[in-house]
Ligand code: PLP
């Protein structure tokens, strides 16, 4: 039982260097967050040793009486947080949760209607080489070319034409709220089931800052590690007793073997924290920070550089930047921000003229910085740094990158990450 630094110095070095990187950069990837130390503790605990196939009280292994408590707490807290009748907290990830949802409510060959990947949907909503695209017949709706918004008339038209078994509402890159009641009305009209994937905005729902899909959807899936800021994993909710049974069977033994009990314990803690006032206040700073960023990136100097904010703003925790008319592409913008120590990801815009490894857009999110403690003043400062950096290009160097890097470093230093923690 020698420490990691002795057993495997190379991996110990990776842990240390990654902690340094997270401390020194401003993390603005919309799907990332920083888990609290309490969550790190469960994930690095002896619970990782335990096999617990089955569900609390109905396991296929002995010695589960202690880990049962963790899973029961996670289930009850998830149900209370989102006001649902049922929760399954075993999915290892968002993608596993989604695989289980489809396993439960559709059969291979059924038609699914979801938001297309290049308009902001997720791989598991029907991408061609993902299991969803291989097993199911996919029809995709997109966003309107002018407004960048989902057009519910188009969703209804496609639903009436293709009569899908499942309609999927949810996204990985969309800056606005979806109308879950309208989706449900269309699903009812065509006899489809409505599945909402709230992976991105679940934290906002928990804080009451975003409409809840739970009363409208037949089934809701989510991750725990994006806006919620818990361990990397997934969960599934429903109010329908029949679908609940199918979900349990689909997760285990349908899709998974033994659940990750150390992660489930960490989920329980994350759900407990998500019910607190401090969590709500953090989600408010998250949304407010995104609005500040959208506002700064809509100012004249940015517009003059051919840069725009898709949909003209945001209601959530992220901003989508359109660089189709800018001097730099998505890859160059991502690299440029990396150079001044801000981490974002490039993102295709609908009908992107550039290839997926380059793209003409950026997705910029505020959850991780809100967790780090940023409020309106800091988001105003980082928004200005980003606005100036994006106007810079190798051909037309306009910004003093050294000065921008110093402004980033001042923000990072003012909000130390995991103070005192050593890896
Ligand atoms: N669903 C949505 C909407 C997502 O954005 C993501 C992650 O990007 C997932 C599911 C998948 O989550 P994971 O990466 O944990 O498999």
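Each reported figure results from applying straightforward, stated rules to the coordinates on display, with no laboratory input. Source: prediction; values computed, not measured. Glycine gets a Cβ as well: all are built from the backbone with ideal geometry, and neighbour counts include every protein chain shown.
Quick look at the values:
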item	result
Max mean-square fluctuation residue, GNM over the chain, Cα-Cα springs under 10 Å, options 150, 220, 316	150
Rounded Å value of the spacing that divides the Cα centres of the stretch 206-280 and the stretch 368-423	32
Dimensionless Rg/Rh of the stretch 23-86 - Kirkwood Rh, Rg from C-alpha atoms	1.09
Cα-projected label distance for residue 92 with residue 48, points at 7 Å along beta-carbon direction, nm	1.4
The stretch 86-159: radius of gyration and largest Cα-Cα distance (Dmax), Å	13.4, 40
Footprinting exposure proxy for 228, 75 (fewest neighbouring C-beta atoms within 10 Å first)	75, 228
For the stretch 241-312, convex hull volume per residue from C-alpha positions, Å³	194
Whole-number percent relative contact order across the chain, with pairs defined as alpha carbons under 8 Å at least 6 apart	22
Under the Debye formula (equal points on every Cα, no solvent term), log10 I(q)/I(0) of the stretch 196-261 at q = 0.25 Å⁻¹	-1.12
Semi-axis lengths, Å, the stretch 264-305, gyration tensor of Cα atoms, sqrt of 5 times eigenvalues	35, 11, 4
Cα radius of gyration and Dmax for the chain (Å)	21.8, 67
Residues 298, 172, 96, sorted so that the one with the fewest Cβ neighbours within 10 Å comes first	298, 96, 172
Highest average packing first - 114-122, 270-278, Cβ atoms within 10 Å	114-122, 270-278
Order by protection proxy (mean Cβ within 10 Å, highest first), peptides 135-146, 320-331, 194-205	194-205, 320-331, 135-146
Percent of C-alpha pairs per 5 Å bin, the stretch 256-384, short to long	2, 11, 16, 19, 16, 12, 10, 8, 5, 1, 0
Contour excess over end-to-end distance, with Cα ends at residue 145 and residue 38 and 0.36 nm allotted per residue	34.1 nm
Mean projected area in nm² (Cα convex hull; one quarter of hull surface) for the stretch 322-406	5.8
The stretch 312-361: C-alpha gyration tensor shape, a/c 1.5 cut-off, then a/b vs b/c	oblate
Extension gain (nm, one decimal) between residue 21 and residue 5, 0.36 nm per residue minus Cα-Cα	3.9 nm
20 °C / 1.002 mPa s Stokes-Einstein diffusion coefficient of the stretch 179-318, Kirkwood radius on C-alpha pairs, µm²/s	124
Highest-fluctuation residue, 185, 217, 268 considered, GNM on the chain with Cα pairs under 10 Å	185
Distance between the stretch 48-116 and the stretch 118-147 - C-alpha centres, whole angstrom	24
Relative contact order, percent, the stretch 1-84 [alpha-carbon distance under 8 Å, six or more residues apart]	12
For 310, 405, 134, 59, order by how many other beta-carbon atoms lie within 10 Å, fewest first	134, 405, 59, 310
